[in-house]
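S.K.: Here it is, the structure, as structure tokens.
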Amino acid sequence: MSNRIGWGVLGSGGIARRRTIPEGIIAAGNAELVSVYDINAKANAEVAAQFGAIAVDSIDELLASDIDAVYIATPANMHYEQVLACAKAKKHILCEKPLGMTVKETQKMIEVCKKAKIQLGTAFMMRFLSQHQVALQLIKDGKLGKLVYGRAQLSCWYPPMKGAWRQDPKQGGGGSLMDMGGHCIDLLEMFFGPVKSVSCFVRNSVHKYKAEDSAVAMLEFKNGAIGTVDTFFCIPDNSSKNILELYGSNGSIIAKGTIGQGNAGEMTAYLEGDVKGYDAQQARTSDKALEIKPTPINTYKAEIEEFSVAILKKRKPANNAAVGFQSQKVLAACYKSARTGKTIKI
């Protein structure tokens, strides 16, 4: 193995073609795209030609090519078998979320990869946004005081489309909650720590496909903070501002547009320090606002570089399987809560 990881891509269309290949694998300084596979042979050939890779005709051929790692960007119901196949071939794996369709599947995937002594990672690229990392450091430094509440919102307009696997829970594992809520839950857990219990509502408010188009989850964290995640497939894109709110006893961090596929949004910290006493006027001023504008980084490039360097240095990546497993447990509890109408402990 050189100082560059050779990558194969399983599911070269979709997000891989739009984002992860051009912005991640091609752009990363320690990665190289070698081969690609997709069940759509025409699209796969186009991706290979566009990015100078080898178009292969099967998973076996992909795994037999000169690669060190595989990025899996197929529908969720394919992840389990594909991860096991990659592990058998001793290839490291960065898999899109959810890792499996169930908690049991995900646990088995982790065990198989551990036994094969290969890395299994989860593609939670939003963790790497530079503004999110600054917010995390402010929290670690105690600038928000005791953490109280967090909210993460990610919604879009996703009308019924033929063949859209995210609209079929048998293929995607769920709808708006599984697809977008997974990112939101992961971010809040990065800031606040593990979730302890959940209460959740899901429904089809507008679109009548099989998966939910609406979901709101309330989270109770082990540290005592509470949070909400709201994700909808039925709100117009420009009407949802992808809000992130983090509140503590000494201040808050409010962001717009940092949750998503872009490199930056707007983020402001309101840091009060130790509160002196009760203000009957409850005055609100903007003179304590701190605009958070670190140098933007491409999150797809960052996730590929982090996973690649972890392989090279034989260490656990930040985007490891454990964060994906935790997310899967929380999501499973959310869906159980929605079905039963009860609060579910993790």
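S.K.: State all residues of the stretch 52-79 that are more than 18 Å from the chain's Cα centre (by Cα) and not aliphatic (A, V, I, L, M); if no residue qualifies, say none.
M.R.: Within the stretch 52-79, 52, 57, 58, 60, 61, 65, 66, 68 qualify.
Residue by residue, here is whether (1) under 17 Å from residue 338 (Cβ atoms); (2) assigned by TED's automatic domain parsing to the domain that holds residue 79; (3) touching an Asp or Glu at 6+ places or on another chain (Cβ under 7 Å) holds:
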residue: 162; (1), (2), (3): no, no, no
residue: 165; (1), (2), (3): no, no, no
residue: 169; (1), (2), (3): yes, no, no
residue: 186; (1), (2), (3): no, no, no
residue: 195; (1), (2), (3): yes, no, yes
residue: 222; (1), (2), (3): no, no, no
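S.K.: Filter the stretch 99-141 down to residues that are in contact with a strand residue (DSSP E or B) (Cβ under 9 Å, 6 or more places away or on another chain) and assigned to a loop (DSSP other than H, G, I, E, B) and give me whichever is farthest from residue 188 (Cα to Cα).
M.R.: Step by step, filter the stretch 99-141, then rank; the result is 118.
S.K.: Do we have any residue at all in the stretch 191-207 that's part of a helix (DSSP H, G or I) and touching a residue at least 12 places away in the same chain (Cβ under 8 Å)?
M.R.: Within the stretch 191-207, one or more residues are part of a helix (DSSP H, G or I) and touching a residue at least 12 places away in the same chain (Cβ under 8 Å).
S.K.: Under 7 Å between Cβ atoms, at least 6 apart or on separate chains: pull out the pairs that start in the stretch 108-121 with a residue that is more than 21 Å from residue 309 (Cα to Cα) and end on any residue that is at pLDDT 95 or above and part of a strand (DSSP E or B).
M.R.: Cβ pairs passing all conditions: 109/120.
S.K.: A further question on this structure: List, please: which pairs have Cβ atoms under 6 Å, are six or more places apart or on different chains, and start with a residue in the stretch 20-34 that is charged (D, E, K, R) and end with one that is assigned to a loop (DSSP other than H, G, I, E, B)?
M.R.: So the pair list comes out as 23/298; 32/4.
S.K.: Of all residues in the stretch 245-304 being surrounded by fewer than 17 Cβ atoms within 10 Å (Cβ to Cβ), among the hydroxyl-bearing types (Ser, Thr, Tyr) and in a loop (DSSP other than H, G, I, E, B), which is modelled with the lowest pLDDT?
M.R.: My answer is 278.
S.K.: Looking at this structure, is residue 180 closer than 22 Å to residue 136 by Cα, at pLDDT 95 or above and surrounded by 23 or more Cβ atoms within 10 Å (Cβ to Cβ)?
M.R.: So residue 180 fits the description; yes.
S.K.: I'd like the residue in the stretch 171-186 that is part of a helix (DSSP H, G or I) and over 12 Å from residue 231 (Cβ atoms) and, out of all such residues, is nearest to the chain's Cα centre (by Cα).
M.R.: 186
S.K.: Then there is this: Would you be able to say whether some residue in the stretch 55-62 is part of a loop (DSSP other than H, G, I, E, B), surrounded by fewer than 17 Cβ atoms within 10 Å (Cβ to Cβ) and of a type in the set (Ser, Thr, Tyr)? Full working, then the answer.
M.R.: Filtering the stretch 55-62 down to residues part of a loop (DSSP other than H, G, I, E, B) leaves 56-58.
When the remaining residues are screened for being surrounded by fewer than 17 Cβ atoms within 10 Å (Cβ to Cβ), the result is 57-58.
Restricting the remaining residues to those that are of a type in the set (Ser, Thr, Tyr) gives 58.
The answer is yes; a qualifying residue exists.
S.K.: Could I ask something else about it? For the stretch 74-91, check the following and say yes or no: at least one residue is farther than 18 Å from residue 120 by Cα, in contact (Cβ under 8 Å) with a residue 12 or more places away in the chain and not assigned by TED's automatic domain parsing to the domain that holds residue 183.
M.R.: Residues of the stretch 74-91 that are farther than 18 Å from residue 120 by Cα, as a first pass: none.
No - not one qualifying residue is present in the stretch 74-91.
The values are calculated or read from the model by the stated rules, or taken from the named source; none is laboratory data. Quantities reported herein were computed from a predicted structural model and do not represent experimental measurements. We place every Cβ from the backbone using ideal geometry, glycine too, and count neighbours over all the protein chains shown.
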